[in-house]
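One structure below.
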Amino acid sequence: MWYNKNMKRFSGALKTIFYKIRKIENKTSQKGFTLIEVLVSIAIITILASILLPGYSSFRYRFALLRSSYKLSHDFRGAQEISVSAKELPTLEVPPGYGIYLKKGLTEKTYILYADTYPSGGNEQYDLNQDAVVEIIKLESGVYIKDIVTTPLGTSSNKLSVNFRGPDPLTKISVLDTVLGETTAIITLGLTSDNSLTQQVFVNKVGLIYVLKQ
């Protein structure tokens, strides 16, 4: 709706500019144009720019938020897939599983793709400074991890690891450094520039992953 409304305004603005340009060209071919006409044209363009540019900036951040949510869901699936394929680490070690680790907070703008290498045989969760970090993934500019909610706990958590153990893969959702039997997790991404805009990614213990419709 926002996009269609602004496209209509943009289209109408272009028509106004083209009409003014044609009018000036017609007068120019006959007798030239006056300073007043030039100033009016500049004023019109300035007013239109002040209307359209803030809208474009807002749309750009909304799109960044949407892209980040789909990227996060894609990375969950990526961890799931490499655990099934038993991907080797650079050390030639094949870990029992891979996962994604996140922390919430206004300054939390990255998450970790990890290999469950600690302890020997893995423990189906992320262990800070122990498990192998495969990649630190950055969210898009202006996007952060706003909230993490799991069930049946049903409360907000500061951190989350979703571990996929091959070859099935088995999915484990854990918070507070323990596997408490959580069945689902909803990760909410937000915008630093607009606290009212969010996107959510859903994961459950059977390995279903998708972006929730807003």
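Dividing the alpha-carbon radius of gyration of segment 60-212 by the rule-of-thumb value 2.2 N^0.38 Å gives 0.99. Evaluated with a Cβ-only charge set (Lys, Arg +1; Asp, Glu -1), segment 60-212 carries a dipole of roughly 600 debye about its Cα centre, given to the nearest 20.
The phi-based Karplus calculation (6.51 cos²θ - 1.76 cosθ + 1.60; θ = phi - 60°) puts the 3J(HN,Hα) values of segment 88-101 at 7, 7, x, 7, 6, 6, 9, x, x, x, 10, x, 10, 10 Hz, whole numbers, x for Gly and Pro. With θ taken as phi - 60° and the Karplus curve 6.51 cos²θ - 1.76 cosθ + 1.60 applied, the whole-hertz 3J(HN,Hα) list for segment 126-132 is 7, 10, 4, 6, 10, 6, 6 Hz, x standing for glycine and proline.
Which is farthest toward the positive dipole end of segment 60-212 among Ile145, Thr198, Ile82, measuring Cα position about the Cα centre, with Cβ charges +1 (Lys, Arg) and -1 (Asp, Glu)? The residue sitting farthest along the positive end of the dipole is Thr198.
Inter-label distance, Ala43 to His74: 4.8 nm, where each label sits 7 Å from its Cα along the C-beta direction.
For segment 60-77, the residues whose amide N sits under 20 Å from a probe point set 7 Å from the Cα of Ala132 along the beta carbon direction are 75-77. Using the Cβ-Cβ distance between Lys205 and Ser58 with R0 set to 35 Å, the FRET efficiency from 1/(1 + (r/R0)^6) comes to roughly 0.40.
Only the coordinates and a few stated rules stand behind these numbers; no lab work does. If you're wondering where the values come from, they're calculated on a predicted model, not measured in any experiment. Neighbour counts are summed over all protein chains in view; Cβ atoms, including those assigned to glycine, are modelled from backbone coordinates with ideal geometry.
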